[in-house]
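The values are calculated or read from the model by the stated rules, or taken from the named source; none is laboratory data. Just so we're clear, the structure is a prediction, and the values are computed from it rather than from any experiment. Note: ideal-geometry Cβ built from the backbone for every residue, glycine included; neighbour counts use all protein chains shown. Surface accessibility is based on the protein's heavy atoms, side chains included, excluding ligands, DNA and RNA. Shrake-Rupley method; radii C 1.70, N 1.55, O 1.52, S 1.80 Å.
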Amino acid sequence: MADTASDEGFLLAILNSTPVIDGVPADELADTARARAWLASVGGLGTEAELRHVLEARQLLQAAVRGEQPPDALAPALRGVTRVPAMTGGQITWTLSVPAERGLAVRAVLAWDALVTQSPGRLRPCANNECRLFLIDHSKANAARWCSMAVCGNRMKARRHYQRIRNTQAE
Ligand SMILES: [Zn+2]
């Protein structure tokens, strides 16, 4: 899985946990024991409730990024999230207060929000429509189309090449 140390890396790992492997849709979080261990390893509680919230947020985030659902559908993922003020050193500081079992799900939703607000158009689905992965394009040109050049990029190029040959032969 992707580097999960940053919030953005964590978001991408969640979004990309339903790859298509050899033409078959897979779910890397389907095995509850393994999924819970992974959540614990990225700073979560590793509980079943936490996993449930992460899976719910994943489905909503994937649909929002694919444009299948309006982003407002993410609202339930933010239930119970508040900001708490504290007075220290003559200043007010605000801390996010999130029910513990929703921490990771909220982290993914906030990372998505930061990304679409600060870098609009950078997070998108892979242009290979048989691929279910997503990419975050940090390049200056912002023209990346594939989750990975090595996998989808070359595959799609090869396909276009064969189609060209076939079309030429058909003429
Ligand atoms: Zn792809």
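A few notes on this one:
- Taken about its Cα centre, the chain carries a charge dipole of about 620 debye when Lys and Arg each add +1 at the Cβ and Asp and Glu each add -1 at the Cβ.
- Think of the chain as a dipole: +1 on every Lys or Arg Cβ, -1 on every Asp or Glu Cβ, centred on the Cα centre; then among 161, 141, 53, 161 lies furthest on the positive end.
- Surface accessible to a 1.4 Å probe, per residue, for the residues of segment 1-102, Å²: 57 Å²
- Pairwise label distance in nanometres, residue 81 with residue 166, each label 7 Å out on the Cα-Cβ vector: 4.5 nm
- Cβ-Cβ distance of residue 118 and residue 22, R₀ of 35 Å, FRET efficiency by 1/(1 + (r/R0)^6): the value works out to about 0.45.
- Cut-off of 10 Å, at most 15 other beta carbons, DSSP loop: longest stretch of the chain lacking such trypsin sites (Lys or Arg not before Pro): 1-65
- Length-normalised contact order of the chain in % [C-alpha pairs under 8 Å, at least 6 apart]: 20 percent
- For the chain, cysteines whose Cβ has no other cysteine Cβ within reach (under 4.7 Å): 152
- Counting all C-alpha pairs of segment 1-145, share separated by more than 24 Å (%): 35 percent
- Taking amide H as placed 1.01 Å from N in the peptide plane, residue 135 has its amide H under 5 Å from the amide H of 124, 126, each at least 5 places away in sequence or on another chain.
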